[in-house]
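Have a look at the structure below, then the notes.
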Amino acid sequence: MDRTVLFVAAAAATASPLHAQATRGASDIVVTATRAPVPLERQPYSVTVLGADALAASESIADALARLPEVYVQMSGGRTGFASLFLRGADPNFTTVMLEGVPLDSPTNSRGGAVNLAAVPSAAIARVEMVSGPASTLYGSGPLAGAVNLLLAPPAAHHRFSASGSLGSEGDYSAAGQWQGPVAAGFGGSLTGVIDDAGTALPQSRFRSRSVDLRLARLDGARGSLLVHFAHTRSAGFPDSSGGYDHAVIRSVERRKADEIILAADQTLLRAGPATLSLAASWSSRDDRVASPGVAPSAETPTGVPGGLDDIRYRRGIIRPDVSVDLGAWRATAGVQGQWETARSEGYLDFGFHAPTSYRQTRATYSGFAELNGTLGPLEANGGVRIDDVEGIGARWSGRAGLRYAVGGLVSVRAVAGTAFKAPSFYALGNPFVGNPALRPERATAMELGLDWRPSEADHVSVAVFRTRYRDLIDFVPAHPPRLENRARVTSRGVSAQLSHRLGEALKGSFTVQYVETQDAATGIQLLNRPRWRAGADLEWAPVKTLTMRAHYDYTDERDDYAVPTGVQVLGRTHRLSTSVAWTVARHTRLRLEGENLLQDRGQDAIGFPALPRRVRLTLTHSIE
């Protein structure tokens, strides 16, 4: 939860486009949904894959994910604000976001560890895999609603250099350079550097990022890799719930700075017959600094939200050995994991005097896990179990099972059930104003039924019905003093459907729709920022091999939002249209022209934060092989 909501509670106490759809070819191997890589068409779980085309047409990972079914992304102020991902109606911090399997969340932020996907440039990422549904059997604490894995460019057997640059009509620009090629001893690598600036589409707001990613991996596809990641971002914008550009009384902006480092390795150590012993290890470092002017008092919230400063340092180390055994049509994996976290937060709130908000936290988690997956005739099966012993909380069990049954050669049905948990964030445990060291982990229990029909390679229909119950949700109780408590119970249920169809030799179309209700179990009220209906339509036309034109339409239903100056308001429906034209000028040179928000829909993504105006962006990419 953000700091604005904290003090609102205190005051109350005292007063899918085609290029963004899942790639579903037979050779499309998914590494995020199960411990053993499994082809997408054999997965019992709901998996969506974004490839190069989807990412090339997006400024950030938030932009790319926003066009997918089962997802709603709220972007307050475009890339200058925080992009919150609501997967199947769940809270943003209920989805674990990773880079090459390494978690990116920081449990020190006031959002419960949610990751700002607007801050991740799409130019640095080659592929995105999103798994819907509980995934604690794979990733431990966190993925109550699902997981998103950001994958870097793979190594190559031959040297390849590429460079790209883009310039937008609102002063936004980016530049990226990449090398892929062999290194030595059967290893190859990729090195990517990105410079990104969101421009001046919104006054007073800024976003700039710099990142470098190095990945070394085996060229034969066997397990063995090394990852080095550096990222630096700076941004400025109105605080959450301030009323933004339209309603904020204090016209100063919140200023944010973040520095992130990841070092990770994954290597096979020993093979003995059908058994393989491997070891994965990672170390992450993140430093955040947020200086907020606060939010002025209003009739809705007489105390307002005080300004302040947060200076946060977070470190995490993970070691995970595992053994996998190849049993022919079946594969078993078992292992253990150790995770060690340390956090330090120093800062204050400005009440006319500086009230310290500092805290320090450490936590060790020791885990054991096992998974079995395989094939029995037309039946694909996967099951897993995990126990996590979390320091200060105790042992927590998680389980998951999925079945996929092929009916003939065209239709398959899926059934999934699973549980997950999320340990309280360091902020929730340690904040001296609202923290509560007695908080229990949040829990989820989910069920899903799905059907896939594939009459041809180019045509595909899928439907999924899902229901998830969240318990012991951490919420704010307006007591004296107000603090965080386990009290909320929420049920999320809905249906999503996708249709892809080839309309002609050079023309393809697709349509997606989702309906989801996320309600408080006690009151039946729909939670904030959860539109019931979302839909998208896409059209792709490639009249010649060197030219591809795409159009994407996105519809988002009404949803409630809250801001200090206005209280709860209903945000109107939005209709967004974007187009792109990609032209291969020469063998290694490509031009892309994109138009965003062509209908000039200024519907608000959050109260006081209108959508970005109509924009045009031109990108040039050139490679040397």
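Tabulated results
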item: Residue in region 69-123 that is surrounded by the most Cβ atoms within 10 Å (Cβ to Cβ), counting only those that are farther than 29 Å from Gln178 by Cβ and of a type in the set (D, E, K, R); result: Arg88
item: Within region 516-541, considering residues that are hydrophobic (A, V, I, L, M, F, W, C) and not in a loop (DSSP other than H, G, I, E, B), the one farthest from Thr574 (Cα to Cα); result: Trp541
item: Single condition Asp240 does not satisfy, out of (1) buried (at least 17 other Cβ atoms within 10 Å of the Cβ); (2) over 20 Å from the mean Cα position of the chain (by Cα); (3) at pLDDT below 95; (4) among the charged types (D, E, K, R); result: (2)
item: Whichever residue in region 396-412 is under 27 Å from the mean Cα position of the chain (by Cα) and not basic (Lys, Arg) and, among such residues, is farthest from Leu138 (Cα to Cα); result: Leu403
item: Filter pass, Asp246 being surrounded by 18 or more Cβ atoms within 10 Å (Cβ to Cβ), more than 30 Å from Gly221 (Cβ to Cβ) and modelled with pLDDT under 95; result: no
item: Filter pass, Leu571 being closer than 15 Å to Pro610 by Cα, touching a Lys or Arg at 6+ places or on another chain (Cβ under 9 Å) and hydrophobic (A, V, I, L, M, F, W, C); result: yes
item: Residue list for region 599-620, filter: assigned to a loop (DSSP other than H, G, I, E, B) and either at pLDDT 95 or above or β-branched (Val, Ile, Thr) (or both); result: Ile607
item: Tabulated pairs, region 406-426, first closer than 30 Å to Ser106 by Cβ, second among the aromatic types (Phe, Trp, Tyr), C-beta under 7 angstrom, 6+ apart or interchain; result: Val416/Tyr45; Lys422/Phe94
item: Single match in Thr108, Thr48 (criterion: part of a loop (DSSP other than H, G, I, E, B) and hydroxyl-bearing (Ser, Thr, Tyr)); result: Thr108
item: For Ser412: the one exception among (1) outside any strand (DSSP E or B); (2) within 30 Å of Pro378 (Cβ to Cβ); (3) touching a Leu at 6+ places or on another chain (Cβ under 8 Å); result: (1)
item: Only one of Gly317, Gly307, Gly352 that is out of contact with any strand residue (DSSP E or B) (no Cβ under 9 Å at 6 or more places or on another chain) and either crowded, with 19+ Cβ neighbours inside 10 Å or of a type outside the set (S, T, N, Q) (or both); result: Gly352
item: Residue check for Thr556: surrounded by 17 or more Cβ atoms within 10 Å (Cβ to Cβ), under 28 Å from the mean Cα position of the chain (by Cα) and polar (S, T, N, Q); result: yes
item: Boolean, Gly408 is surrounded by fewer than 17 Cβ atoms within 10 Å (Cβ to Cβ) and farther than 23 Å from Glu448 by Cα; result: no
item: Selected residue (only one of Ala22, Ala26, Ala64, Ala13 is outside any loop (DSSP other than H, G, I, E, B) and either at pLDDT below 85 or among the charged types (D, E, K, R) (or both)); result: Ala13
item: Hey, Ser282 in a strand (DSSP E or B), surrounded by 19 or more Cβ atoms within 10 Å (Cβ to Cβ) and polar (S, T, N, Q) or not; result: yes
item: Unmet criterion (only one of (1) farther than 30 Å from Val183 by Cβ; (2) in contact with a Leu (Cβ under 8 Å, 6 or more places away or on another chain); (3) crowded, with 20+ Cβ neighbours inside 10 Å; (4) of a type in the set (Lys, Arg)) for Arg289; result: (3)
item: Test: residue in region 574-586 that is under 22 Å from Ser500 (Cβ atoms), of a type in the set (Ser, Thr, Tyr) and surrounded by fewer than 21 Cβ atoms within 10 Å (Cβ to Cβ); result: yes
item: Residue satisfying all of: in region 418-436; out of contact with any Ser or Thr (no Cβ under 6 Å at 6 or more places or on another chain) and small (Gly, Ala, Ser); surrounded by the most Cβ atoms within 10 Å (Cβ to Cβ) among these; result: Ser425
item: Residue match in region 327-345 (condition: part of a strand (DSSP E or B), of a type in the set (Asp, Glu) and out of contact with any helix residue (DSSP H, G or I) (no Cβ under 9 Å at 6 or more places or on another chain)); result: no
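Residues are listed down the side, and each one gets a yes or a no for (1) polar (S, T, N, Q); (2) in contact with a strand residue (DSSP E or B) (Cβ under 6 Å, 6 or more places away or on another chain); (3) part of a loop (DSSP other than H, G, I, E, B); (4) buried (at least 18 other Cβ atoms within 10 Å of the Cβ):
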| site | (1), (2), (3), (4) |
| --- | --- |
| Val465 | no, yes, no, no |
| Leu473 | no, yes, no, yes |
| Val495 | no, yes, no, no |
| Gln498 | yes, yes, no, yes |
| Gly504 | no, no, yes, no |
| Pro543 | no, no, no, no |
| Arg550 | no, yes, no, yes |
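The values are calculated or read from the model by the stated rules, or taken from the named source; none is laboratory data. Everything quoted here is computed from the prediction, not taken from an experiment. In this analysis, Cβ positions are derived from the backbone assuming ideal geometry, glycine residues included, and neighbour counts consider all displayed protein chains.
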